[in-house]
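Everything below concerns the one structure shown next.
The values are calculated or read from the model by the stated rules, or taken from the named source; none is laboratory data. These numbers were taken from a predicted model, which means no experiment stands behind them. Don't worry about glycine lacking a Cβ; one is built from the backbone with ideal geometry, like all the others, and counts go over all protein chains shown. Just the protein is used for accessible areas: all its heavy atoms, side chains included, with ligands, DNA and RNA removed. Shrake-Rupley method; radii C 1.70, N 1.55, O 1.52, S 1.80 Å.
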Amino acid sequence: MDEADNISVKLTELLRHPEDLDKIASLKSEFSRKKGHVDTQLKAALATQLKVTQSGINAINDGQKILNAVKEEMVKIDKLCSEAEEMIDEFPLINKISKIHRNFVAVEEIKSKLQGLDSRLVEVDRMLVDDSGDSLANEMPNLLPIHFAIMQLQDFREDVMHQSERADNDVKETLESYFSPLENTVGMFDERVGIIAMSLIELVRAGNRSLVVRLAKIIDSEERSDEKVLALQEAQSNHQDLATRFKSIQKGPKVARGYKGKFLACVKAAAQAKFEAAKERFEDNPEDLEKCLGWYFTDLQTVKREFVQLMPRRWKIFDTYLEIYHNSMHDFLKDQIEKSDLDGQGLLNIILWNGEYNKGMKALGVKAAELKPQLIDGREAELLREYSQLIVKKMEEWMNKIMEDDTRDFILRTHQPNEEDSKWHMPSVPTMFTMINQQLNVALDSNRGNVVTGVVDECVRLLKNRQARWQEVMADEINKHVKATTKEDLDDLPDGILEYMMAVANDQIRSAAYTQEISDRVAPMLSKKYEDQVRRALEDAMNGFVDLATYSLAQIIEIIFNDLKPPIKNLFTPAWYNGSDMETMATTMRSYVVDLSPGLDADLFPAFMHQLSEKTCVAYLGGVHNKGAKFRASEAAAQIRSDVAVGYGFLTEFIDRGEVKGVWTVLEHFLALICSDKPHLGEKYDAFKQSYWDLPISWVEAVVKCRDDKSKDMLEIVRSRGTYVPRGGESTIMSRFVVLLAVGFEGFRLTILFFKFSLII
């Protein structure tokens, strides 16, 4: 958005209403006042900046003048020296004799020191032995004298070896043999220094602060010596002519010994050793990450509180330790994250530690956001997704295995399902929801609503997949039974289909209860935003369980009605009159219901009987499409009333009479269509339509065509009524015949599938 667009937006915000135009004068005055204030501030800041800049330029000019003056004075001194040499006639001879004398004195000094080298080394070794001991209380009183002696011996060795650069190799080898014992002593001292450097925090906690101070003095002395060596080396490199003329430049240490670098390396090694121990403990128990790293902030607190007073300020020792510890922590966590075998619990603890780390740094007065690199490289969101995926992957593996075992048992039916309190169940549901609860508990440990919601969504997805898979398996198995028309076909099918169908149906009710428990437990622990999402997702899963239970009952009814095909095909045909088809149907259904009642969940049995009642009624009404169906007005009514009495008698053995009547009342309208005379046929149709708004005209025409007194006039009466009835809420039982007319009674099974059972448990 450019500047003009910004101005337009701001003006729109200020002038929202027509009356705001009256404010223009006051707004102009206010903006002018603000502009004047800003201009004043800018002028003052500009004047200050110009003053600082001019002061800097003046300082640079003054420095340049001083440098030029020093340079001129040095030239004068060099000129005076040259002139003084020329004033003395025998100066070259004097200078030569002086050099010989100096060399002789230097040789004498070297000889004396070489003769006393062994005794000095023995004394240093004795002090090292006296200070030996691993106790944190050991103050090592000889540490500074040892360092001073070793430093002198090292300087002496470097001076001698430097003087012998132009000597023969034999001389050099002889000198090296003299100094070889010094290497062992220096090695012992360096080892002692390393041990102390790796135990600084423990020494301070043990109260041995004096040893820490003396070590700091040694390191500081060596650091300054190294700085001098490096400065001299740079001077010799840049001003070789001066270096040969000023002998003081050639004296002192010749090599930087790097004790400060070794000191920092020991600090890093000590920290790394602690991280290695933490790594082993974390790998054994990922839940203890915070305990594994409990020493981390304690160490830094000790450094900040104690070390600043014990070590040179210029070291900025706390910042040094913070950098070492932070980098080590970053590398430690990075290594753990990149491990292929890191489980969800370990990853979660790393994510949670990131938050605890920020709190710990805040307590130290450090802004964690300013530390480089970032603790987990800014991957928190990515790791949360990875953590959710780990949980989901585990659950998916478990649930796929459970579903595979369940469907195999269902298809093969080599043994009966589990029986609990006389009700059939599959064995896996409690185990499955135990695992789901475990994973949700792990997600809750993250204290992140989006993580919990993501895991819940994935759980729901897996549960919905399980529901869809059960529906496919049941449909396939029922289809096998429906298509098994011969005794040989039936013998090839394993027994126990009804028991397994009941087990699956019962499990859906149990699963819905488990899901409700999860919703009641998990949702209140989240913010309102995530609580609503979780409740909606779990409610969707519960609805799926109810739908699958309803579908399971419908499939059981399909098995029953597969055995009722012969009597149903006889309905309203000549063989039906004075026959016992309805009694045959009732007897067959009763035998099934008696077997089903003990093993079906008590909450499902009434729903099952309601579906059976509706299916029976629909099948009866669908008989109008049977080949040869014909209503004899004088006989059909009596036979239908007899059938209804048989159906009522059977159904009321198991469910309330009022519930049966609520379904079978449609048969009264059916009788009216069959028995009414032509003048009243239209009224009967209107009454039927008023009670059942989705009554299909094609089914009514089929009924009229089956009457033995049918005529074109009667069909025309029905077609021309044009009865308008507002669309109702739920579909009525007559909606079933929309599909029946297209596919016939054999397709009734598809009707239930496509209409998703308008029944509500």
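At full extension, Ser119 and Glu419 could sit 98.5 nm farther apart than now, given 0.36 nm per residue minus the alpha carbon distance. Here each label is just a point 7 Å from Cα along the line to Cβ, and for Asn543 and Ile195 those points are 7.5 nm apart.
The peptide list 379-385, 503-509, put in order of mean Cβ contacts within 10 Å with the highest first, becomes 503-509, 379-385. Peptide packing for 449-460, 513-524 was compared via the average number of neighbouring C-beta atoms within 10 Å per residue; ordered from the highest value, the list is 449-460, 513-524. Loop-located chymotrypsin sites (Phe, Trp or Tyr not before Pro) in segment 667-731 (DSSP state not H, G, I, E or B) with no more than 12 neighbouring Cβ atoms inside 10 Å: Tyr724. Taking every protein chain into account, the accessible area of the chain amounts to 55 square angstrom per residue (probe 1.4 Å).
Ranked from highest to lowest mean number of other Cβ atoms within 10 Å per residue, what is the order of the peptides 549-560, 602-613, 307-318?
Highest to lowest by the protection proxy: 549-560, 602-613, 307-318.
Applying 1/(1 + (r/R0)^6) with R0 = 56 Å to the Cβ-Cβ distance of Asp130 and Ala277 gives a FRET efficiency near 0.95.
Over 19 Å between Cα atoms: which of Lys279/Lys393; Lys304/Lys362; Lys304/Lys367; Lys487/Lys627; Lys627/Lys661 fall into that group?
Correct reply: Lys279/Lys393; Lys487/Lys627; Lys627/Lys661.
So if each residue of separation counts as 0.36 nm, and I subtract the Cα-Cα distance between Arg721 and Ala269, what length gain in nm does that give?
Numbers: separation 452, 0.36 × 452 = 162.72 nm, distance 9.78 nm.
Here the answer is 152.9 nm.
With everything on Cα atoms, drop me the angle between helix 497-522 and the longest principal axis of the chain, reported from 0 to 90° to the nearest 10. The answer is roughly 50 degrees.
Since only Gly579, Thr723, Gly658 are under comparison, the one whose Cα sits farthest along the positive direction of the charge dipole of segment 571-760, derived from C-beta charges on Lys, Arg, Asp and Glu, is Thr723.
Against the chain, whose longest principal axis comes from its Cα atoms, helix 697-706 is set at around 30 degrees. Each of Asp405 and Ile66 was given a label point 7 Å from its Cα along the Cα-to-Cβ line. The distance between the two points is 8.6 nm. For the pair segment 281-351 / segment 558-633, the C-alpha centres are spaced 75 Å from each other. May I ask you to derive the relative contact order of the chain, considering only C-alpha pairs under 8 Å and at least 6 residues apart, and to give it as an integer percent? Relative contact order of the chain: 7 percent.
The alpha-carbon of Lys684 sits under 12 angstrom from the alpha-carbons of these aspartates and glutamates, leaving out residues fewer than 8 places away in its chain: Glu668. Return the label of the correct value of semi-axes √(5λ) of the Cα gyration tensor in Å, as calculated from the structure shown, out of (1) 102, 38, 20; (2) 57, 31, 19; (3) 42, 34, 26. Structure-derived value, by its label: (1). Taking a 22 Å limit on the Cα-Cα distance, which of the listed pairs Lys334/Lys372; Lys483/Lys565; Lys10/Lys34; Lys260/Lys359; Lys678/Lys712 fall beyond it? Table pairs above 22 Å Cα-Cα are Lys260/Lys359. The aspartates and glutamates within cross-link reach of Lys51, meaning a Cα-to-Cα straight distance under 17 Å and a gap of 8 or more places when in the same chain, are Asp62. For segment 261-374, the fraction of 1.4 Å probe accessible surface lying on carbon and sulfur atoms is 48 percent. Volume of the convex hull of segment 261-374 (Cα atoms only), normalised per residue: 105 Å³. In this label model, Glu668 and Arg209 are separated by 10.2 nm, measuring between points 7 Å along each Cα→Cβ vector.
For segment 614-656, just say rounded, prolate or oblate: build the C-alpha gyration tensor, square-root its eigenvalues into a ≥ b ≥ c, call rounded for a/c under 1.5, and beyond that prolate if a/b exceeds b/c, oblate if not. Verdict is oblate for segment 614-656. Please determine, in degrees from 0 to 90 and to the nearest 10, the orientation of helix 633-651 with respect to the longest principal axis defined by the Cα atoms of the chain, where the helix direction is its Cα long axis. Helix 633-651 sits roughly 40 degrees off the main axis of the chain.
Given a Förster distance of 56 Å, report the FRET efficiency between Ser691 and Asn447 from their Cβ-Cβ distance, rounded to the nearest 0.05. Given R0 = 56 Å and the Cβ-Cβ separation, E is 0.45. Taking the protein heavy atoms of segment 486-617 in the context of the full set of protein chains, the accessible area attributed to carbon and sulfur is 50 percent at 1.4 Å.
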